[in-house]
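The values are calculated or read from the model by the stated rules, or taken from the named source; none is laboratory data. What you are looking at is a predicted structure, and each value in this text was computed from that prediction instead of being measured. Cβ placement follows ideal geometry from the backbone for every residue including glycine, while neighbour counts extend to all protein chains displayed. Each accessible area value is taken on the protein alone, full model and side chains, heavy atoms only, with ligands, DNA and RNA left out. Shrake-Rupley method; radii C 1.70, N 1.55, O 1.52, S 1.80 Å.
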Amino acid sequence: MKKSCLLRFASILLPVALAAQLAPAAASQAPEAHYRAFDSKGRAVKLEEIIGALEQADVLIVGETHNDPVAHLLEAELLRRADESYGPASQKRRPVALSMEMFERDVQTVVDEYTGGLIQERHFLLSSRPWNNYQTDYRPLVEYAREHHLPVIAANAPARYVSRVSGLGPDSLRELSAAARQWLPPQPLPPASAAYASKFNSLMQGGASQTQPAGSAAQANPHGGAHLLEAQALRDASMAYAVAEFLKRQRGALVVHVNGTFHSEERLGVPEQLAHYRPKARVVVVTILPDDGFPAFDAGGMGKLGDFVIITDPAIPRSS
C-alpha cells in the first residue's frame, strides 16, 4: 500500500478509534494521551476536579475548536460526568440540560420532538439544519441527552437574522414579525463589552493569537458586512438568553453549554451576556483547544482563557 494511502487510512481510523473509547458507558474515557487539563494558574488537574467545581455552579460553558475530535470526546465525557454527579439519578437530583451553539433557536421544537422520542432521527436531521460534522462530532452529545432524558437547548440565533444584523445593524431586527422575534433575545441587544470588541476587532484584522480554523468569531457571518461585531454579539446574546431562560424555568438546574472558544474564552462573550440576563448565575468556563506546544502548558499566555483550560494534541487529524 502506498504511503499516501496509508496516511489517508490512518486519518480515517484514528478519529474512529478515539470515538470508540467513548462508546460504552463503562469505558467513556477521553484518551488522556491526547489532552492535558489545567486550572487558570497552570496547575495540572483531572476531569474530576472540573466536575467537582460544578457543585456551586449553574452553568458549565465549554469552548471548543469545532474541528477538534478530542474536544468533542471531552465534551461528551464532561456531560456524562456532570449528569452522573448532579443529575436526576444522582444524590444531588438536579435538572441537567445540554445547550448547543450548533442548533438555532427556531428548530427547538424539532429538537424537542426528537429527544422526546416523537420523531425519527432522519426527520430530525432533515428539519434541524445540523452542522456538516454533526454525525461524527455532535451526535454523541445529543444521543446521550436523548437516552438519559436530558433537555437539549437549541441556543444559537438563526443565521438569517445574524446575516441581517451584519449588513443592516441590530435596529433592523425591529422590522421582523413578532413570530420571528420570539427566536431572538429581547431588544435592544446588550452591546459587546469593550474588552470583547477589542479582541474581536483584533481577530478580524488578523492580529489575534488564537485564530480558529473552524467555528470561530470569523465565521459569525461568512458573507461579511458592516456590523460584524453586532452580529457576533447577537449570537452571544442568543445563547446566553436561551440558557438564562432555562435556568429561570428549572430551579436548581445545571446547564452544560457548548460553543466555539471565542464565544466564551477569557469569560467574554456568552458569560458576559449571561451575567446581563441572569446576574446571579454561577458559571464555570472550560476552554479546550489544540496547541502546538502540547503537552507543555503556557500558563502566562493561556491560563486566562478559562477557569480550566484543556490543551489537545494538534497532531490528531481534524474533523471534516
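Quick one: what are the phi-derived ³J(HN,Hα) couplings along region 184-197, Karplus 6.51/-1.76/1.60 with θ = phi - 60°, whole Hz, x for glycine and proline?
10, x, x, 9, x, 6, x, x, 5, 5, 4, 5, 5, 4
For the chain, what does the accessible surface come to per residue with a 1.4 Å probe? Please give it in Å².
On a per-residue basis, the chain sits at 45 Å².
By per-residue mean of other Cβ atoms within 10 Å, what is the highest-first order of 228-235, 171-178, 189-196?
228-235, 189-196, 171-178
Where does the chain land at 222 nm, in deg cm²/dmol rounded to the nearest 500, when only DSSP H runs of n ≥ 4 count, each adding -39500 (n - 2.57), divided by all residues?
-11500 deg cm²/dmol
Report the relative contact order of the chain, percent, no decimals, based on alpha-carbon pairs under 8 angstrom and at least 6 residues apart.
Relative contact order of the chain: 30 percent.
Count the net charge of all other residues whose Cβ sits under 11 Å from the Cβ of Asp236, scoring Lys and Arg as +1 and Asp and Glu as -1.
Net of charged neighbours comes to -2.
Give me the net charge of Ala197's neighbourhood, meaning all other residues with Cβ under 12 Å from the Cβ of Ala197; Lys, Arg count +1, Asp, Glu -1.
Around Ala197, the surrounding residues sum to -2.
Pairs Lys46/Lys92; Lys92/Lys304; Lys41/Lys199; Lys92/Lys280: which are spaced more than 26 Å apart, C-alpha to C-alpha?
Violating the 26 Å limit, Cα to Cα: Lys92/Lys304.
Based on the mean of other beta carbon atoms within 10 Å per residue, what is the order of 149-156, 57-64, 103-110, 279-286, most packed first?
57-64, 149-156, 103-110, 279-286
How much net charge surrounds His66 when only the other residues with a Cβ under 10 Å from the Cβ of His66 are counted, with Lys and Arg +1 and Asp and Glu -1?
Net local charge, His66 excluded: -3.
Take every Cα-Cα distance within region 84-134, group them into 5 Å bins from 0 onward, and report for each bin the whole-number percent of pairs it holds.
Bins of 5 Å from zero give 4, 18, 23, 19, 13, 15, 7, 1 percent of pairs.
Sorted from largest down, give the three principal axis spans of the alpha carbons of region 74-162, whole angstrom values.
Answer, in whole Å and largest first: 42, 27, 23 Å.
Among 294-301, 265-272, how do they line up by average Cβ neighbours within 10 Å per residue, starting with the highest?
Top to bottom by mean Cβ count within 10 Å: 265-272, 294-301.
Excluding residues on the same chain fewer than 8 positions from Lys248, give the aspartates and glutamates whose Cα lies under 12 Å from its Cα.
Asp58
Hey, any idea what % of the chain's accessible area is carbon plus sulfur with a 1.4 Å probe?
53
If you take every DSSP beta bridge whose two residues both sit in the chain, what share of them, in percent to the nearest 5, is antiparallel?
Percent antiparallel among DSSP bridges in the chain is about 20.
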